[in-house]
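The values are calculated or read from the model by the stated rules, or taken from the named source; none is laboratory data. The structure displayed is predicted, hence computed values, not measured ones. Don't worry about glycine lacking a Cβ; one is built from the backbone with ideal geometry, like all the others, and counts go over all protein chains shown. These accessible areas exclude ligands, DNA and RNA; they are computed on the full protein's heavy atoms, side chains included. Shrake-Rupley method; radii C 1.70, N 1.55, O 1.52, S 1.80 Å.
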Amino acid sequence: KKIDKLIVLSKYEFDFFKDFLDEDVITIIPSGIENVGDIPIGITSGDYFLFVGRDDENKRLFLLERLAEIVQDLNFVFVTNKRKPNRSNVTYLNGVSDEDLKAVYSKATATIVPSKYESFSIVALESLANGTPIIITENVQIKSFLCQSIMTIVYENDVLNNLERAVRDIAEKTANDIDIRRTSIEAAKGFLWLEIADEHVNIYCNLVKK
């Protein structure tokens with residue numbers, strides 16, 4: 001069957017599909033977000049690293065649970081779907097409302113996305129929209145849209161040790177950096193849903209005209 005247009009979320013997916021389709025058939029349109037938070041004023045930092053997502057083999061919360069055992073001097077908050085007992089430096093949260101989640105994001109030192117693969121990552125975008133930088137593994141494809149100052153990329157080779165280095169580095173260097181929080185929010189403004197939706201509408205309208 002003929003494919004008139006394929007919309008993908010990232011350059012990684014574009015590069016994959018261009019082996020099968022003409023490049024002019026493929027368009028990259030990332031995921032969008034409804035709004036962004038205000039530029040934080042007077043926030044020093046949260047005292048925790050944040051995970052938001054399901055507890056499954058792709059999201060890999062288990063990596064951060066191991067990490068929390070290694071770095072006992074740092075705190076973690078895990079917003080997830082399974083109820084688990086808290087530990088000395090780990091707090092589990094379930095059923096957090098969208099409004100409360102914004103506050104959880106904004107008070108974190110950084111949000112960690114340790115997934116095996118993400119075609120984009122709404123969690124990473126939500127974190128940036130609330131002024132919090134991100135730590136992502138190398139196969140989280142939002143990386144192609146962002147500048148280095150607001151993200152730390154962790155490579156899969158020796159991933160647990162790389163995560164430890166990342167959280168320690170951020171805890172020491174960037175937790176109180178208001179410029180990074182401001183840059184995070186400004187970056188998220190490039191993904192506002194109304195503008196993303198317009199890109200989709202324009203594509204559909206052009207297809208109908210054909």
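Miscellaneous remarks
- Of the numbered criteria (1) buried (at least 24 other Cβ atoms within 10 Å of the Cβ); (2) modelled with pLDDT under 95; (3) not in a loop (DSSP other than H, G, I, E, B), the one residue 170 fails is (1).
- Some residue of the range 143-150 being open to solvent by 40 Å² or more (accessible area, probe 1.4 Å), within 19 Å of residue 56 (Cα to Cα) and not hydroxyl-bearing (Ser, Thr, Tyr): no
- Selection of helices (runs of 4 or more DSSP H) fully inside the range 38-142 by the criterion of at least 2 residues being open to solvent by less than 40 Å² (accessible area, probe 1.4 Å) and within 22 Å of residue 161 (Cβ to Cβ) returns 61-70.
- Qualifying residue in the range 145-163 (condition: assigned to a loop (DSSP other than H, G, I, E, B), in contact with a Ser or Thr (Cβ under 7 Å, 6 or more places away or on another chain) and at pLDDT 95 or above): yes
- Across the range 58-106, the number of residues qualifying as touching a Ser or Thr at 6+ places or on another chain (Cβ under 9 Å), farther than 22 Å from residue 139 by Cα, of a type in the set (A, V, I, L, M) and touching a residue at least 24 places away in the same chain (Cβ under 8 Å) comes to 2.
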